[in-house]
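What follows is a short report on a single structure.
Please treat every number below as a calculation from the coordinates, not as lab data. It should be emphasised that the depicted structure is a prediction, and the values quoted were computed from it without experimental measurement. Here the Cβ is made from the backbone with ideal geometry for all residues, glycine too, and neighbour counts use every protein chain on show.
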Amino acid sequence: MSLRALHGLPLFFVAVVGANLVLACWAFVANIRKQQVLPRTFWAVLLFALVVLVVQVAAGITLTAGGSRPKASLHILYGLLVGATAVVQFGLRPGGFLRAIIVREPAAFREARLLALICLTQAALIVRAYTTGAFGR
């Protein structure tokens, strides 16, 4: 399988978007239920999605470094935004580097609400990155 085929693999796209949508719904329900902390399973699913996403982003960076260009240059912007959002998702995990910066008062921290919004945003960014890369729009 070529690097270009790996980068545009629909299975990876569906897995990462699906995982982020499931996580967004999960976190949304947890927020409604006023859960203070998301379960370990949530973070395990998020880690799975991030691992798949790292493969996608690494393939994209390698393709760009090798001189390949997408149909629309916006694809690179969306790729950067997806990567930045992935860093935020990873950094907000329990014990993560961003959690220590953001959480000043643990009792007031709305973990589920924040993660619902971030996962939903990530799913939308991935869909947009895929459409600009695959269709050039």
Being surrounded by 14 or more Cβ atoms within 10 Å (Cβ to Cβ) and closer than 20 Å to G136 by Cβ is true for just one of A49, A59, A30. Which residue is that? A59
Which of the residues spanning segment 33-46 are out of contact with any Pro (no Cβ under 9 Å at 6 or more places or on another chain) and either within 21 Å of A129 (Cα to Cα) or surrounded by 12 or more Cβ atoms within 10 Å (Cβ to Cβ) (or both)? Q35, F42, V45, L46
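Let's see how each residue does on (1) hydroxyl-bearing (S, T, Y); (2) free of Cβ contacts under 8 Å to residues at least 60 places away in the same chain; (3) more than 18 Å from R110 (Cα to Cα); (4) in contact with a helix residue (DSSP H, G or I) (Cβ under 8 Å, 6 or more places away or on another chain):
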{"site": "M1", "(1), (2), (3), (4)": "no, yes, yes, no"}
{"site": "L11", "(1), (2), (3), (4)": "no, yes, yes, no"}
{"site": "F28", "(1), (2), (3), (4)": "no, no, no, yes"}
{"site": "N31", "(1), (2), (3), (4)": "no, no, no, yes"}
{"site": "Q56", "(1), (2), (3), (4)": "no, yes, yes, yes"}
Index of the failed condition, P94 passing every other in (1) closer than 27 Å to G60 by Cβ; (2) in contact (Cβ under 8 Å) with a residue 24 or more places away in the chain; (3) surrounded by fewer than 14 Cβ atoms within 10 Å (Cβ to Cβ): (1)
Criterion: assigned to a helix (DSSP H, G or I), under 16 Å from V54 (Cβ atoms) and either of a type in the set (F, W, Y) or under 14 Å from the mean Cα position of the chain (by Cα) (or both) - qualifying residue of V127, V82: V82
